1. Which of the residues spanning region 1-35 are surrounded by 10 or more Cβ atoms within 10 Å (Cβ to Cβ) and either among the acidic types (Asp, Glu) or at positive phi (or both)?
2. Return the only residue of Ala39, Ala49 being modelled with pLDDT under 95, surrounded by 10 or more Cβ atoms within 10 Å (Cβ to Cβ) and aliphatic (A, V, I, L, M).
3. From the list Ala49, Ala11, which one is of a type in the set (A, V, I, L, M) and in a loop (DSSP other than H, G, I, E, B)?
4. Only one residue in Trp19, Trp13 is under 12 Å from the mean Cα position of the chain (by Cα) and aromatic (Phe, Trp, Tyr), so which one is that?
Amino acid sequence: EKGLQKAIPRADWSDAHHWLILHGRQVCKARKPLCDTCALAAVCPSSTA
C-alpha cells in the first residue's frame, strides 16, 4: 500500500482505489485468478503467470 501511495499522485488515490477494487473483482479472483491476462502480473507478488 505504501508503495502504491508513492507511485500514485494523491489527487488520484480515490480513483485508483476504485479501479483496484474493480480489478480484483474482474481479474484477480479469489478462486481462479486470471493472471495470464492481468496487466499487473509482472509486479504482483501473487501472480502465477
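The values are calculated or read from the model by the stated rules, or taken from the named source; none is laboratory data. The model shown is predicted, which means the values in this text are computed figures rather than measured ones. Cβ sites come from the backbone with ideal geometry, for glycine too, and all protein chains shown count toward neighbours.
1. Residues satisfying the conditions are Asp12, Asp15.
2. Values: Ala39 fails: surrounded by 10 or more Cβ atoms within 10 Å (Cβ to Cβ).
Residue meeting the stated conditions: Ala49.
3. Details: Ala11 fails: in a loop (DSSP other than H, G, I, E, B).
Every option except Ala49 fails the conditions.
4. Working: Trp13 fails: under 12 Å from the mean Cα position of the chain (by Cα).
Only one candidate qualifies: Trp19.
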